[in-house]
Amino acid sequence: MPEVELPLNLSASAPATNGNSAPANILVIDDEAGIRESLEVLLSLEGYSPRMAVDGEEGLRILEQENFDLVLLDLALPGKSGLELLPEIKERQPDLPVIMITAYGTVDNVVEAIRAGAENFIQKPWDNEKLLADIRSAVARRKAEEENLQLKRTLRQRYNFANIVGKSDIMLKVFDLVAQVAPSRSTVLIQGESGTGKELVAKAIHANSPRRDKPFVPINTGAMPPELLESTLFGHVKGAFTSAIASKKGLFEVANGGTLFLDEIATMGMDLQAKILRVLQDRRFMHLGGVQEIQVDVRILAATNVDLRQAVRDGRFREDLFYRLNVITVDLPPLRARREDIPLLAQHFLDFYANENGLPPRKLSADALRALIDYDWPGNVRELENSIERGVVLSNGPVIGSDLLPGHITGRSFQDALLEHNPNSSLFDILEVIERRIIIEKLERCNWNQTDAAEQFRIPLSTLNQKIKRLNIEIRKRGRD
């Protein structure tokens, strides 16, 4: 399933730094002295550190000697043109953003430059505010990518935290707690809203424990009927029930020596809770229909998105099991409580889904990033992941704008859908557009779980499925919790 904070203030007042409180370094490659002088003054006044080159040869030499956050590259240069120079720059530094500047822009030039990896294409004479806005956006993304890589390196050196992304204080505390409890044998209860990444944390605990070479076995206890769940966990002997035509091991045996992750444990029935409690106490259990006790060495990690203390008070969860599970608690914050992590996560998912779909790297426009930061994310990281995947799949170019994000995130209304629709459409066609958008947005909020969506719509699942088929809505795979 897919690094550091972009400035939350994306306005003209954003600081011209590279993330280390130092001015961002910008290389200008242009053969016109007047253009170089103008850009040097403009960039210096904005707090950047500009460096000038008169042609491609000098520009490449400077790039080999110094580090830059951005290149402003003229199209018409003596010797090699900007379009010829661009691939050489990208070959040396693939992640270095390049903005092309020219007085001779054509559609073919723009297309060729963008395909070769240019960040943008600015026409001479340019508008200063527009140019500075493009520079700020490119430098901010460069900063995010560099710091993301550094953060990943740091986390890999300290911990084995695959796919857990964050640099906020609250997440760094989670990382430290996970690293501290991972080597122990203690049971851990992971609490957090749906979509916050509880299974990823469980995997991180296992991966940093002495059991890392043994099985990690996850099970969603809320996804099975009680009888099937009991058989799945404890196994059964042949003839234990009508369809038990052969003996079968349970997940406790499969996870022996390793870790068993019980997700949505609050959904488990009281009878099964008692059996789980016994395994925690005695490390023994029996197959369904069996008479022989089986001893196992399994570490239990459990997760819930509800308040287990309240469930105990309501009589829906055993108090003794709660205290057995609640030896160590890891509380995962909702995404709205760590907005500074949204740019990191967005970049992580952009890279992941571009690679998964065989596409060139993708990036977010400033307005798209602003919309992501402002949104409250009731579905948390999982909803963000789904939104980024959608944007990557639907994008036709390197930049994903706010128009490719779900309407409920950007604030687009159904009136917008009507205005965007063909004015010659019939009322039936317009209503279909709106109905389709409503269903897709509800499915996205429900992580593409049709059963949950039907319940929230208060319609039978069969009715929802008929609408999905009629409106030709493609069901996407469910994300991770």
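What follows draws every value from the coordinates through simple rules; no lab data is involved. Source: prediction; values computed, not measured. Don't worry about glycine lacking a Cβ; one is built from the backbone with ideal geometry, like all the others, and counts go over all protein chains shown.
Once the Cβ-Cβ distance between Glu37 and Asn67 is put in as r, and R0 is 22 Å, what FRET efficiency do you end up with, to the nearest 0.05?
FRET efficiency, Glu37 to Asn67: 0.40.
Give me a comma-separated list of calculated 3J(HN,Hα) values for the stretch 241-247, in order, Karplus coefficients 6.51, -1.76, 1.60 applied at θ = phi - 60°, integers in Hz, x for any Gly or Pro.
Whole-Hz 3J(HN,Hα) from phi for the stretch 241-247: 8, 3, 8, 7, 7, 8, 6.
Looking at the chain, I'd like the Rg to Rh ratio, where Rg is from alpha-carbon atoms and Rh is Kirkwood's inverse mean 1/r.
Value, to two decimals: 1.06.
Looking at the stretch 169-335, what % of the alpha carbon pairs are farther apart than 27 Å? Write out the running numbers ahead of the final one.
Numbers: 3235 of 13861 pairs.
Tail of P(r) above 27 Å: 23 percent of Cα pairs.
If the only charges are +1 at each Lys and Arg Cβ and -1 at each Asp and Glu Cβ, what is the size of the charge dipole of the chain around the Cα centre, to the nearest 20 debye?
Magnitude of the dipole: close to 2640 debye.
Semi-axes of the stretch 24-92's equivalent ellipsoid from the Cα gyration tensor, sqrt of 5 times each eigenvalue, largest first, rounded to whole Å?
19, 14, 9
Share of Cα-Cα pairs in the stretch 25-151 beyond 23 Å, in percent?
On the way: 1848 of 8001 pairs.
Within the stretch 25-151, distances greater than 23 Å cover 23 percent of Cα pairs.
For q = 0.10, 0.22, 0.23 Å⁻¹, what log10 I(q)/I(0) does the stretch 350-470 give under the Debye formula with an equal point scatterer on each alpha carbon and no solvent?
After summing over all Cα pairs, the log10 values are -0.35, -1.29, -1.32.
Using 0.36 nm times the number of residues separating Leu228 and Asp169, minus their current alpha carbon distance, what extension gain do you get?
Answer, rounded to one decimal: 17.1 nm.
Search the structure for amide H atoms under 5 Å from the amide H of Val298, placed 1.01 Å from N in the peptide plane, and list their residues when 5 or more places away or on another chain.
Sorted by chain and number, the residues that satisfy this are Gly257.
Counting other C-beta atoms within 10 Å, and keeping those with at most 15, which DSSP coil trypsin sites (Lys or Arg not before Pro) do you find in the stretch 226-305?
Passing sites in the stretch 226-305 are Lys238, Arg283.
With 22 Å as the limit, write out which pairs from Lys214/Lys248; Lys167/Lys363; Lys143/Lys167; Lys90/Lys363; Lys173/Lys363; Lys80/Lys124 have Cα-Cα distances beyond it, or answer none.
Violating the 22 Å limit, Cα to Cα: Lys173/Lys363.
Once you have the Cα-Cα distance between Arg115 and Thr329, take 0.36 nm times their residue separation minus that, and quote the gain in nm to one decimal.
Between Arg115 and Thr329, full extension yields an extra 72.1 nm.
Using DSSP to call loops (not H, G, I, E or B), can you name the chymotrypsin sites (Phe, Trp or Tyr not before Pro) in the stretch 214-310 whose Cβ has at most 12 other Cβ atoms within 10 angstrom?
Listed in order of number, the matching sites are Phe241.
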